[in-house]
Amino acid sequence: MQLSAPLSMALATILLPLLGALLIGLLPALRKSGKPAAYLAVAAALGSLLAAIKLLSDQLAEPGRVVLEVTRWIPVEGATAAEIGIRLDGVSALMLVVVTGVAFLVQLFSLEYMAAEPPPALGRYFGYHSLFIVAMNILVLAPNLLQLFIGWELVGLTSYLLIGFYWEKPSAARAAVKAFWMTKLADMGLVVALIVLYRDSGGFSWTAALSAGTASIVTALLFVAVMGKSAQFPLHIWLPDAMEGPTPVSALLHAATMVAAGVYLIVRVYPLFDAAPDTRLVMTYIGSFTALFAAIVAVVQTDIKKVLAYSTCSQLGYMVAALGAGSAFAGYFHLTTHACFKALLFLGAGAVIHAVHSNELTDMGGLFGKMKLTAVTFIVGALALAGVPGLAGFFSKDLILEVLYEKQQFAPLVALLAAAFLTAFYMGRVIFLAFFGAPGKATQSAHDGHFPLSAPLVALAALSLAVGFFGGNIAELSGAPYQFHVGAVGIVGTLLGLGGLLLAYLIYGKKSVSLDAFSFLAPVGALARSGAVDRAYQAVFRRGVLVLAGAVGWFDRYVIDGVMNFLGWGAIVGGRQLRRIQTGNVSDYVYAVVAGAMLLLAWGMFG
């Protein structure tokens, strides 16, 4: 079969990293070689990125083009229950570049960041990375929900492997298991949604015409899965713990790609959500609450990676709120810009951790003079996240605020405006604690990294500066109208962001404002550090799930098994009694036949 050029390129984004993963996994000598395995994985990621860029370039030249190549997969009674293949359009083409671009830069960064790992561990690390790219690209290019589900589950598996990379470290092993089971719990919503969708439509298409009730059920179940994957309250608790993995893993999974898979799913199946306004309303409130709640918790974190982890939860809340308010483009646009500056922030944090050998902000300070490149690029990412005018986050965050204002969703809008202030504040706090002030003992020998460590920071900083200006192109790819303008609500959001940065400067930079003025936030900090949500889950598990499981076990053991055992006992006892009529004496059998015949005769005459 001759493949079209777009299909060949799309397959290349999957097959190149798959080939790299297979070679690393199946050739022990290569896997244990360390650097050669790493170079192979980086080359495969680069090839996948170049293919994705070609696809995006072609799509920009013809924005409305849809390439759909499918083959019959699951035949049922002469019909096709499911198909497998590739759907390439503006949405998937851009997402391919986001996934492969971030993955390539993270792998390049890892060449130096992970250089001290033993060669077999390094080979294993890059093999997992390649598998992750494969899983994400299968998800992105899926033509229906069933194939998307396959990629979704593979992403969950590779995330588990990468989070638990330091498997000998108990906290990392627990974090991997926690992430796996929390997301698997949420994924049951996706499984049931597939069953309901197939029952009512006979397939797995996200353009299926459903009744209002069925659409509400299917989208609500899908959103449960999204809450797990994209860390929405209260299923967010795995994401901060996942920072136990290597810092480049945090940039790959939990800033730009894996957690964005939930948002991408909603964008992809938005025709179903369009028919379910009740689900979208719930999404708006959960997303806005998550954005505010996670921003509050980020303010009191002392681990630089934990700050960024809760920041990710918060920004995902922005995206979900936009999708709930009715704008798939606003959520998708913020997904794209967030991928650039949050990957930059995690890799910048990784460069700092690599230099000072500590995650704690209290061990840093004065790094601007010693790590100028890292400091400047990190500050660019932080200001983009804070929504400073002209940077990527400003354009996409402003659009989300405008959408909520137009839809008159005022309570979620207020929550997101408050989160905008807190976002700028906690990022200002990180900037002044890590890069300015008195140097800590751990910062004496700090310096910028070499090319593999610094080049990804420069590339992502450039994207964080520029990508916001391409909103029109992204809208064209998405088939959505877009015209940037600064409205009243956008001005308020910008002023709040600048106010948050100013307050952080006064407290942590100039030190002219005492933290005592904010003592009323002490209970929030105590609550955040106490792991109250985790303890609530533990209480539900111990006092609810375990008690219920015990009751079910007792019912199964003594009622279900008891009934079956009683029936078995009755059959044995009955058999023993019936055996007594089998005497072996012919005359007894003759008497029995005569008695039976007489009973039949009597029944015929008088019955």
If you put +1 on each Lys and Arg Cβ and -1 on each Asp and Glu Cβ, how big is the dipole of the stretch 391-460 around its Cα centre, in Debye rounded to 20?
-> 240
Selection from 6, 39, 132, by position along the positive dipole direction of the stretch 1-153 (Cβ) | 39
Considering Cα pairs under 8 angstrom that are at least six residues apart, work out the relative contact order of the chain and quote it in whole percent.
-> 12
Taking the highest mean first, how do the peptides 569-581, 171-183 order by number of other beta carbon atoms within 10 angstrom per residue?
-> 171-183, 569-581
Tell me what the chain gives for mean residue ellipticity at 222 nm when only DSSP H runs of n ≥ 4 count, each as -39,500 (n - 2.57), the sum divided by the residue total, rounded to 500 deg cm²/dmol.
-> -23500 deg cm²/dmol
Where does each of 167, 603 land when they are ranked from fewest to most other beta-carbon atoms within 10 angstrom?
-> 603, 167
Among 321-332, 115-126, 59-70, 263-274, how do they line up from the highest to the lowest mean number of other beta-carbon atoms within 10 Å?
-> 321-332, 263-274, 115-126, 59-70
Counting Lys +1, Arg +1, Asp -1, Glu -1, what net charge surrounds residue 121 among other residues with beta carbon under 15 Å of its beta carbon?
-> +3
What distance in nm separates the simple spin-label points at residue 68 and residue 19, each placed 7 Å from Cα in the Cβ direction?
-> 3.0
Answer with one residue from 219, 166, 196: the one whose Cα lies farthest towards the positive end of the charge dipole of the stretch 166-230, charges on Cβ with Lys, Arg +1 and Asp, Glu -1.
-> 166
Give the cross-link partners of residue 54 among the aspartates and glutamates, using a straight C-alpha distance below 14 Å as the criterion and excluding same-chain residues fewer than 8 apart.
-> 62, 89
Expected-Rg normalisation [2.2 N^0.38 Å, Cα atoms] applied to the stretch 260-323 = 1.25
For q = 0.16, 0.26, 0.27 Å⁻¹, what log10 I(q)/I(0) does the stretch 131-197 give under the Debye formula with an equal point scatterer on each alpha carbon and no solvent?
-> -0.58, -1.06, -1.09
For the stretch 229-347, with only Lys/Arg (+1) and Asp/Glu (-1) charged at the beta-carbon, what is the dipole magnitude about the Cα centre, in debye rounded to 20?
-> 140
Net lengthening on full extension, residue 57/residue 445 (0.36 nm per residue, minus Cα-Cα) | 135.3 nm
Taking the Cα centre of the chain as origin, sum charge times position over the Cβ atoms of Lys and Arg (+1) and Asp and Glu (-1), and report the length of that vector in debye to the nearest 20.
-> 1200
How large are Rg and Dmax for the chain when only the alpha carbon atoms are used, in Å?
-> 29.8, 116
What the 5 Å binned alpha carbon P(r) of the stretch 195-321 shows, as percent of pairs per bin from 0, is 2, 12, 21, 20, 16, 11, 9, 6, 3, 1, 0
Based on other C-beta atoms within 10 Å, arrange 83, 77 from fewest to most.
-> 77, 83
Amide proton proximity set for residue 84, modelled H, under 5 Å, gap of 5+ = 71, 73
HN-Hα J in Hz across the stretch 245-252 - Karplus 6.51, -1.76, 1.60, θ = phi - 60°, x for Gly and Pro | x, x, 4, x, 5, 4, 5, 6
Proximal aspartates and glutamates to residue 184, defined as alpha-carbon separation beneath 13 angstrom and excluding residues fewer than eight positions away on the same chain = 153
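Throughout, read-outs are computed from the coordinates displayed, never taken from laboratory work. If you're wondering where the values come from, they're calculated on a predicted model, not measured in any experiment. In this analysis, Cβ positions are derived from the backbone assuming ideal geometry, glycine residues included, and neighbour counts consider all displayed protein chains.
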